Structure formats: structure tokens, C-alpha cells
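Below is one structure, written out as C-alpha cells; the observations come after it.
The values are calculated or read from the model by the stated rules, or taken from the named source; none is laboratory data. All values derive from a computational prediction rather than experimental measurement. Cβ: placed from backbone, ideal geometry, glycine included. Neighbour counts: every protein chain shown.
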């Protein structure tokens, strides 16, 4: 089993999660990296990605695992065959599937364009109630782990997985309340038990 960290930039941020999975599968095949297949009538490559990222959000901290026994320089082989914007930045050999879709708990992001506001006052709220698209009210305060502002650049850490808060929707909420519009939204780090 091989785990790797990769980017989703330079236009790749507009690939859907399933299209990205197809690109990674094709990249591995072009690189000559044999990935084990599932059983059954329609076998598929055993490639395990982290949670889907919203369309249009750039990332330099995506994670994936592939069930393969490749012993060469994975980063070099992958990057020589990958599409623009999807580049391996680090890799590790692991004993078992790190299951990034469940083990990544938080993600860090940066964004610009939101009008200045009192971050400490915002974070001092005990509840931040929003209404989701189904009309349900949800308290998102427990899903915001950190938030700082520095010269117009917001840095924030949000929950992922079961405690997910989409960064684009969080920026929309801030823009509705304080003004401006988020630009340059990018995931800078994924934090979990098996990330590196």
C-alpha cells in the first residue's frame, strides 16, 4: 500500500471528485504502477481518496492511497505522467489503508477578500446557527477550530469528515455578515492520524 499527498491546482480544481479519481487511475497506469483490483463482475483499481473538495477550491494538501507494491521513486513516476495541476508532493509506503476519507479530521485554508471584522469577537460566540439547504438549522461553531486575519488574509481551520464544514460556504457566511467576497480560497493542510 502506498499513500501520497498531491496538489489540485492550475485548473485541476475544476475536476469533479470522480473525474479526479479517473485521472489518478490513468496516471498510475501510464506510469507503469500496477494497482490491485477489487473482485466482482466489474473490478476497479483499489484507490482510496480523501473527502471530496468543493468544485473550484484549490488544494496543496490532498491525500490518496493506492494498493500497489511499487518500489521505485513514486513521486517522480507519478509527476512525469500526471495531468497539469495534479502533482505528488510526498509519498510513504504504509502497511494498511490509511482511509483518509475517515481519518482526516480538520483542514486548514486561506482566503482573501472578506471585509475586516473582529475575529476574537466572532469566535467568542457560543453558537453560530445557520440554515442548511434542506431548511434545517445547524450550529457550526464546533466545526470552526481556528480563525485568524492578517493584512486581509484569513487563515482558518474547519472540521472535516463527520464534522465537515465546507470552506466555500463558511466564506459565504462571513461575506454575508461582514461584506466582501472570498478570493483565492485554497486548502493548505489536511490534519489527521495518517497525514504527513
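Things worth noting here:
- Hits in region 1-30 (condition: within 17 Å of residue 80 (Cβ to Cβ) and surrounded by fewer than 18 Cβ atoms within 10 Å (Cβ to Cβ)): 10, 23, 25, 26, 29, 30
- Odd one out for residue 85 among (1) out of contact with any strand residue (DSSP E or B) (no Cβ under 6 Å at 6 or more places or on another chain); (2) within 30 Å of residue 25 (Cα to Cα); (3) surrounded by fewer than 16 Cβ atoms within 10 Å (Cβ to Cβ): (3)
- Residue match in region 69-84 (condition: free of Cβ contacts under 8 Å to residues at least 40 places away in the same chain and on the phi > 0 side of the Ramachandran plot): no
- Where strands (runs of 3 or more DSSP E) sit wholly within region 97-174, those with at least 2 residues that are touching a strand residue (DSSP E or B) at 6+ places or on another chain (Cβ under 9 Å) and modelled with pLDDT of 95 or more occupy 104-114, 144-150, 153-159.
- Only residues that are under 20 Å from residue 184 (Cα atoms) and over 19 Å from the mean Cα position of the chain (by Cα) were counted across region 106-160, and they come to 12.
- Number of positions in region 39-68 that are in a strand (DSSP E or B) and within 30 Å of residue 169 (Cβ to Cβ): 11
- Residue 109 vs. criteria surrounded by 16 or more Cβ atoms within 10 Å (Cβ to Cβ) and either over 24 Å from residue 66 (Cβ atoms) or free of Cβ contacts under 8 Å to residues at least 40 places away in the same chain (or both): yes
- Yes/no for residue 57 being in contact (Cβ under 8 Å) with a residue 60 or more places away in the chain, in contact with a helix residue (DSSP H, G or I) (Cβ under 7 Å, 6 or more places away or on another chain), at negative phi and not assigned by TED's automatic domain parsing to the domain that holds residue 185: yes
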